[in-house]
Amino acid sequence: KPRLKPVMKPEISPLRCVQAFVSELSVKANLDFDPGKPLSLSYEKLDIESAVFDQNEEGDPTQVTLTISQDAVAMGNAPYSFSIEMVGFFEAKGVKKKDLNRFVYIHGSSVLYGMARGALNDTMSKGPYVSISLPLVSFYRKAEPTKKVKAPAKKAAKKAAKKTAKNLSRKLEIRRDE
């Protein structure tokens with residue numbers, strides 16, 4: 001048998017997935033689903049969101065959170081409602097700092113999306129109906145993603161520091177009054 005030779009050999013990606021996991025997963029069979037009727041699946045009614053969080057410290061992995069959900073009732077004749085949230089931590093070697101968030105957004109989101117497709121397909125295959133295979137998507141955009149979110153730990157630390165400073169100043173005011 002002749003085998004096709006690759007036109008070019010793929011390169012190892014500068015992106016490294018340090019850790020990735022499912023943080024939330026819900027799959028619910030639609031009891032009103034009629035397998036005898038055509039499926040009512042629409043990409044437009046599929047909700048996909050991905051966010052890249054700023055690093056807490058220089059050199060820390062970059063966090064990406066991806067959520068995918070679909071409501072079977074809104075879809076019409078769909079076998080399942082589902083929701084999944086994936087969290088991944090990524091490092092990118094040799095990527096300029098100014099390009100890091102965009103690079104991780106495109107490639108990290110793609111990695112998590114593939115993992116989410118597999119997890120959903122596996123879970124649905126254990127249900128009463130045929131499992132839904134999510135479409136392939138591209139996270140590539142010509143412009144920088146507009147959502148820029150601070151890492152949750154950094155936000156919480158900043159909020160706690162403000163609260164501590166406020167409490168400290170109140171204690172100082174009370175002591176001055178005494």
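The values are calculated or read from the model by the stated rules, or taken from the named source; none is laboratory data. Model, not experiment: these values are computed from the prediction. Neighbour counts run over all protein chains shown; Cβ positions are idealised from the backbone, glycine included. Accessible surface areas use protein heavy atoms only, side chains included; no ligands, DNA or RNA. Shrake-Rupley method; radii C 1.70, N 1.55, O 1.52, S 1.80 Å.
For the reader, a short list of remarks on this structure follows.
To keep it simple, each residue is scored yes or no on (1) out of contact with any Gly (no Cβ under 6 Å at 6 or more places or on another chain); (2) on the phi > 0 side of the Ramachandran plot; (3) touching a residue at least 12 places away in the same chain (Cβ under 8 Å).
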| site | (1), (2), (3) |
| --- | --- |
| Val7 | yes, no, no |
| Ser40 | no, no, yes |
| Phe53 | yes, no, yes |
| Gln63 | yes, no, yes |
| Ile68 | yes, no, yes |
| Val73 | yes, no, yes |
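Okay, residues lined up against (1) over 14 Å from Leu134 (Cα atoms); (2) aromatic (Phe, Trp, Tyr); (3) part of a loop (DSSP other than H, G, I, E, B); (4) touching an Asp or Glu at 6+ places or on another chain (Cβ under 9 Å):
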residue: Gly36; (1), (2), (3), (4): yes, no, yes, no
residue: Ser50; (1), (2), (3), (4): yes, no, no, no
residue: Gln55; (1), (2), (3), (4): yes, no, yes, no
residue: Thr67; (1), (2), (3), (4): no, no, no, yes
residue: Ser81; (1), (2), (3), (4): no, no, no, yes
residue: Ile84; (1), (2), (3), (4): no, no, no, yes
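- Residue in the range 12-29 that is among the hydrophobic types (A, V, I, L, M, F, W, C) and not in a strand (DSSP E or B) present: yes
- Candidates are the residues of the range 38-48 that are open to solvent by 50 Å² or more (accessible area, probe 1.4 Å) and part of a loop (DSSP other than H, G, I, E, B); the one that is farthest from Lys97 (Cα to Cα) is Pro38.
- The residue of the range 89-113 that is nearest to Asp34 (Cα to Cα), among those that are of a type in the set (Gly, Ala, Ser) and buried (at least 22 other Cβ atoms within 10 Å of the Cβ), is Ser109.
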